[in-house]
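Participant: Before anything else, here's the structure in question.
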Amino acid sequence: MGNRIALTGNEAVALGMKQIAPDVVAAYPITPQTEVVQIFSQYVADGDVDTEFVTVESEHSAMSAALGASAAGARAMTATSSNGLELMFEVVNITASLRLPIVMPIVNRAITGPINIHCDHSDVMTIRDSSWILLFGENAQEAYDNLLMANRIAEHSDILLPVAVNMDGFIISHAVENIEIVEDEVVKEFVGDYYPEKYLLDAANPITMGPVDLQDYLFEHKRQQIEAIKKVSGVVRQVSQEFAELTGRHYDLFEEYRLDDAEVALIAIGSTAGTAKAAIDNLREQGIKVGLLKIRLYRPFPAKEIVEALKGVKTIGVMDRAESYSNTGGPLYADIRAAMYDVGGTAQVMNIVYGIGGRDMTVRDLENLITQLQKVTETGEIEERIIHYGVRD
Amino acid sequence: MAQLLEIRWHGRGGQGSKTASILLGKACSEAGKFIQAFPEYGPERMGAPVIAYNRISDQQVSVHCQIEEPDLVVVLDPTLIATIDVAEGLKADGKIIVNTEMPASKMKEKLGYAGEVYTLDANGISEQELGKAFPNTPMLGAVVKVTNMFSMEEFMELIKKEFAAKFAHKPEVIAGNLQCIKRSFEEVKSE
């Protein structure tokens with residue numbers, strides 16, 4: 001395609017939103033918001049996109065307005081970050097339960113307390129049980145590509161669930177990088193028009209959404225939600241396959257990097273996966289058999305496929321950019337440990353909590369970590385299973 | 001040019017370090033390079049020390065961390081030298097460019113850095129060409145010259161496009177900024 005330009009992650013995602021041209025975008029500039037909606041609102045003001053841009057009075061209202069628009073039959077989006085997502089939380093859960101295929105970029109940043117605006121995954125991890133589909137990208141390109149695929153996944157008739165497209169705050173959102181842009185017309189055709197099967201403004205076929213649903217039926221409706229969740233992996237793969245045919249850029253549920261013969265594996269989410277690749281290349285030269293599994297689809301969690309990909313690995317370092325305050329490590333670690341239990345293997349699984357509040361994670365840090373994991377492989381001895389890497393005592 | 005060139009910009013809030021790193025990145029991207037340009041965000045205050053970075057490569061860059069061992073350091077404000085070790089981590093065979101009226105030999109002594117030291121009176125150039133001290137554009141020109149990234153003619157063509165986009169609402173400053181770049185190519189000096 002050869003359409004390579006240099007943009008920040010925020011600019012890339014805002015451009016993707018312009019190309020998708022949703023019917024409605026509702027947003028509120030909480031601090032820290034993202035530049036995504038700021039840039040998008042400029043497109044609207046300049047007449048570059050005919051989206052109805054609703055300026056609301058809070059993030060709770062932003063998600064409520066997106067909910068209303070989506071229920072009415074519109075393709076709706078918003079974007080948020082950090083505390084903005086926390087303020088949305090009530091409605092985030094409702095949109096998923098109402099099976100509204102809203103798409104929302106999230107710029108992942110620490111939740112305030114004390115105030116911090118930098119990258120970690122503590123914001124998005126609070127909605128991991130909401131039945132939103134959570135996609136993660138390593139860089140601006142992947143954030144943009146995930147966004148272009150998000151509507152297709154969300155609106156698929158087997159799914160009808162909202163999708164959050166995540167990218168690392170500042171590290172990706174505010175950094176300029178090269179990205180390959182898909183032409184407007186190609187995006188338009190790929191994403192397609194939105195024709196919901198059921199919606200409130202369909203006067204000929206009146207329906208109700210979100211009425212009282214007590215002990216007699218709520219469980220059945222949740223069951224339907226679970227059935228839809230089971231089909232997400234397949235739809236993600238199918239849409240990604242079509243996207244690859246269009247762009248030559250291949251995506252799966254996760255990415256395997258030099259994992260085939262690996263004895264040590266890191267599992268990471270987001271930009272640190274890219275830094276880990278450099279560390280892995282360096283240590284491979286020294287003969288250490290190390291690889292990476294980079295999560296793309298985090299919810300629903302492709303446990304079976306991940307376990308299969310980790311076959312033969314002796315030591316697994318699960319990297320969490322968020323704590324769960326459970327004394328059992330971070331959220332990804334809990335997922336991986338649970339998945340590994342089913343296969344009853346002998347692999348050692350360790351947890352590395354890192355990068356909280358934007359703490360930098362360098363190539364050297366990752367080399368140190370891999371060396372530690374390699375030592376576990378050789379000796380079978382673990383001093384501490386859960387490490388908080390790079391924190392002062 | 002090295003396969004991967006890593007640059008660290010030191011300046012003060014308001015001097016345009018971040019803008020310079022982005023302009024350099026975008027110009028290099030336009031020329032077909034793989035780039036990163038990113039600031040180290042702290043509290044945003046006018047006059048506070050700030051840092052920005054560039055990675056420029058012939059291959060895709062997957063690393064996403066700060067640069068600890070740059071090939072080149074650019075100092076937009078010489079008063080930073082008294083409080084910050086601007087040469088920290090700078091490779092032994094690296095280069096440093098300082099915005100100062102001081103000759104490079106004297107600056108080299110002051111920094112105590114054994115590698116190549118360059119100076120440019122970026123404030124002076126900017127005051128003459130733009131009527132105000134915006135040291136970032138002249139320093140951008142100095143970076144391109146010192147690294148031999150592009151010839152002056154090539155870079156002027158690339159940066160013209162970036163200026164046209166950046167100053168779409170202030171086209172009157174474009175000519176002065178281009179003149180800053182041209183002069184910095186001619187006036188940046190090593191010891």
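Participant: Identify, by number, the condition in (1) among the small types (G, A, S); (2) closer than 15 Å to A:L373 by Cβ; (3) more than 14 Å from chain B (Cβ to nearest Cβ); (4) touching an Asp or Glu at 6+ places or on another chain (Cβ under 7 Å) that A:A309 doesn't meet.
Facilitator: The failed condition is (2).
Participant: Okay, next question. Confirm whether A:D46 is out of contact with any Ser or Thr (no Cβ under 6 Å at 6 or more places or on another chain) and within 14 Å of another protein chain (Cβ to nearest Cβ).
Facilitator: Details: out of contact with any Ser or Thr (no Cβ under 6 Å at 6 or more places or on another chain): yes; within 14 Å of another protein chain (Cβ to nearest Cβ): yes.
So A:D46 passes the test.
Participant: Consider only pairs whose beta carbons are under 7 Å apart and that are at least six residues apart or on different chains; among these, list those whose first residue lies in region A:41-58 and is part of a loop (DSSP other than H, G, I, E, B) and whose second residue is of a type in the set (V, I, T) and surrounded by 16 or more Cβ atoms within 10 Å (Cβ to Cβ).
Facilitator: Within 7 Å, the pairs are A:T51/A:V24; A:T51/A:V25; A:T51/A:V44.
Participant: On the basis of being in contact (Cβ under 8 Å) with a residue 40 or more places away in the chain and surrounded by fewer than 16 Cβ atoms within 10 Å (Cβ to Cβ), does A:G355 make the cut?
Facilitator: On the way: in contact (Cβ under 8 Å) with a residue 40 or more places away in the chain: yes; surrounded by fewer than 16 Cβ atoms within 10 Å (Cβ to Cβ): no.
No; evaluated as a whole, the condition is false for this residue.
Participant: Would you be able to say whether some residue in region A:221-229 is under 17 Å from the mean Cα position of the chain (by Cα) and polar (S, T, N, Q)? Give the derivation first.
Facilitator: Filtering region A:221-229 down to residues under 17 Å from the mean Cα position of the chain (by Cα) leaves A:229.
Filter once more, so that each one left must be polar (S, T, N, Q): none.
Looking through region A:221-229, none of the residues is under 17 Å from the mean Cα position of the chain (by Cα) and polar (S, T, N, Q).
Participant: For the structure I just gave you, tell me whether B:S62 is in contact with a Lys or Arg (Cβ under 6 Å, 6 or more places away or on another chain) and at pLDDT 95 or above. I'd like the intermediate steps shown before the answer.
Facilitator: Values: in contact with a Lys or Arg (Cβ under 6 Å, 6 or more places away or on another chain): yes; at pLDDT 95 or above: yes.
Against the criterion (in contact with a Lys or Arg (Cβ under 6 Å, 6 or more places away or on another chain) and at pLDDT 95 or above), B:S62 qualifies.
Participant: So how many residues does region B:1-34 have that are within 15 Å of the chain's Cα centre (by Cα) and over 17 Å from A:N10 (Cβ atoms)?
Facilitator: Of the residues in region B:1-34, the ones within 15 Å of the chain's Cα centre (by Cα) are B:5-28.
Keeping just the survivors that are over 17 Å from A:N10 (Cβ atoms) gives B:5-17, B:20, B:23-24, B:27-28.
Residues flagged as within 15 Å of the chain's Cα centre (by Cα) and over 17 Å from A:N10 (Cβ atoms) within region B:1-34 amount to 18.
Participant: Which of the residues spanning region B:39-93 are surrounded by 17 or more Cβ atoms within 10 Å (Cβ to Cβ), in contact (Cβ under 8 Å) with a residue 60 or more places away in the chain and within 14 Å of chain A (Cβ to nearest Cβ)?
Facilitator: Within region B:39-93, B:I56, B:I67, B:P70 meet the criteria.
Participant: Here's a follow-up. Got a sec? Which of A:G357, A:G330, A:G291 is on the phi > 0 side of the Ramachandran plot and touching an Asp or Glu at 6+ places or on another chain (Cβ under 8 Å)?
Facilitator: Values: A:G330 fails: on the phi > 0 side of the Ramachandran plot; A:G291 fails: on the phi > 0 side of the Ramachandran plot.
Testing whether each residue is on the phi > 0 side of the Ramachandran plot and touching an Asp or Glu at 6+ places or on another chain (Cβ under 8 Å) leaves just A:G357.
Participant: Test each condition in (1) out of contact with any Ser or Thr (no Cβ under 9 Å at 6 or more places or on another chain); (2) closer than 25 Å to A:I39 by Cα for A:S157 and report the one that comes out false.
Facilitator: (2)
Participant: Ok, one more. Are there any pairs, at least 6 apart or on different chains, whose C-beta atoms fall under 6 Å, with the first in region A:8-22 and buried (at least 24 other Cβ atoms within 10 Å of the Cβ) and the second among the acidic types (D, E), and if so, which?
Facilitator: Pairs that qualify, where the first residue is buried (at least 24 other Cβ atoms within 10 Å of the Cβ) and the partner is among the acidic types (D, E), are A:N10/A:E35.
Participant: Out of everything in region B:41-70 that is of a type in the set (S, T, Y) and part of a loop (DSSP other than H, G, I, E, B), what residue ends up being farthest from the chain's Cα centre (by Cα)?
Facilitator: Looking at residues that are of a type in the set (S, T, Y) and part of a loop (DSSP other than H, G, I, E, B), I get B:S62.
Participant: Sticking with this structure for a sec: For region A:253-271, which residues satisfy the criterion of being within 14 Å of chain B (Cβ to nearest Cβ), surrounded by 24 or more Cβ atoms within 10 Å (Cβ to Cβ) and out of contact with any Leu (no Cβ under 7 Å at 6 or more places or on another chain)? Please lay out each step first, then the result.
Facilitator: Applying the first criterion (within 14 Å of chain B (Cβ to nearest Cβ)) to region A:253-271 yields A:255, A:257-258, A:266, A:268-271.
Pick out the ones that are also surrounded by 24 or more Cβ atoms within 10 Å (Cβ to Cβ) and you get A:266, A:268-271.
Within region A:253-271, A:G270, A:S271 meet the criteria.
Participant: Let me ask you something else. Report the residue count in region A:175-207 for those that are surrounded by fewer than 21 Cβ atoms within 10 Å (Cβ to Cβ), within 30 Å of A:M361 (Cβ to Cβ) and not charged (D, E, K, R).
Facilitator: Summing the residues that are surrounded by fewer than 21 Cβ atoms within 10 Å (Cβ to Cβ), within 30 Å of A:M361 (Cβ to Cβ) and not charged (D, E, K, R) in region A:175-207 gives 1.
Participant: On to the next question. Can A:H250 be described as surrounded by fewer than 14 Cβ atoms within 10 Å (Cβ to Cβ) and without any contact (Cβ under 8 Å) to a residue 40 or more places away in the chain? Talk me through it step by step, then tell me what you get.
Facilitator: On the way: surrounded by fewer than 14 Cβ atoms within 10 Å (Cβ to Cβ): yes; without any contact (Cβ under 8 Å) to a residue 40 or more places away in the chain: yes.
So A:H250 passes the test.
Participant: Against the conditions (1) within 13 Å of chain A (Cβ to nearest Cβ); (2) buried (at least 21 other Cβ atoms within 10 Å of the Cβ); (3) more than 19 Å from A:D360 (Cβ to Cβ); (4) not small (G, A, S), where does B:K108 fall short? Just the number, please.
Facilitator: For B:K108, the failing item is (1).
Participant: Show me the helices (runs of 4 or more DSSP H) found entirely inside region A:79-177 where at least 2 residues are within 30 Å of A:E189 (Cα to Cα) and away from chain B (no Cβ under 14 Å).
Facilitator: Values: elements: A:82-97, A:122-125, A:140-154.
Per the criteria, A:82-97, A:140-154.
Participant: Report the residue count in region A:13-39 for those that are within 13 Å of chain B (Cβ to nearest Cβ) and closer than 19 Å to A:T51 by Cα. Even if it seems obvious, please write down each step before you answer.
Facilitator: Step one: filter region A:13-39 for residues within 13 Å of chain B (Cβ to nearest Cβ), giving A:31-32, A:35.
Narrowing the set further to residues that are closer than 19 Å to A:T51 by Cα leaves A:35.
Summing the residues that are within 13 Å of chain B (Cβ to nearest Cβ) and closer than 19 Å to A:T51 by Cα in region A:13-39 gives 1.
Participant: Here is a follow-up. Being buried (at least 17 other Cβ atoms within 10 Å of the Cβ) and of a type outside the set (V, I, T) narrows it down to one residue among A:E308, A:E367, A:E285; which is it? Step through it out loud before you land on a result.
Facilitator: Details: A:E308 fails: buried (at least 17 other Cβ atoms within 10 Å of the Cβ); A:E285 fails: buried (at least 17 other Cβ atoms within 10 Å of the Cβ).
Only one candidate passes the filter, namely A:E367.
Participant: Report whether or not A:P206 is outside any strand (DSSP E or B), at pLDDT 95 or above, farther than 24 Å from A:R152 by Cβ and in the same structural domain as A:Q141 (by TED's automatic domain parsing). Give the derivation first.
Facilitator: On the way: outside any strand (DSSP E or B): yes; at pLDDT 95 or above: yes; farther than 24 Å from A:R152 by Cβ: yes; in the same structural domain as A:Q141 (by TED's automatic domain parsing): yes.
Yes: the conditions hold for A:P206.
Participant: With touching a Phe, Trp or Tyr at 6+ places or on another chain (Cβ under 6 Å) and among the hydrophobic types (A, V, I, L, M, F, W, C) as the only criterion, which of B:A87, B:A122 stands out? Spell out the reasoning first.
Facilitator: Details: B:A122 fails: touching a Phe, Trp or Tyr at 6+ places or on another chain (Cβ under 6 Å).
So the residue among B:A87, B:A122 that is touching a Phe, Trp or Tyr at 6+ places or on another chain (Cβ under 6 Å) and among the hydrophobic types (A, V, I, L, M, F, W, C) is B:A87.
Participant: Failed condition for B:T83, given (1) more than 30 Å from A:T275 (Cβ to Cβ); (2) modelled with pLDDT under 95, with all others met?
Facilitator: Of everything listed in (1) more than 30 Å from A:T275 (Cβ to Cβ); (2) modelled with pLDDT under 95, B:T83 misses just condition (1).
Participant: Quickly run through region B:29-38 and pick out the residues that are crowded, with 23+ Cβ neighbours inside 10 Å and either among the aromatic types (F, W, Y) or more than 8 Å from chain A (Cβ to nearest Cβ) (or both).
Facilitator: B:F38
The values are calculated or read from the model by the stated rules, or taken from the named source; none is laboratory data. In this text the structure is predicted, and so the values were computed from the model without any measurement. Reconstructed Cβ throughout: ideal geometry from the backbone, glycine too, with neighbour counts over all protein chains shown.
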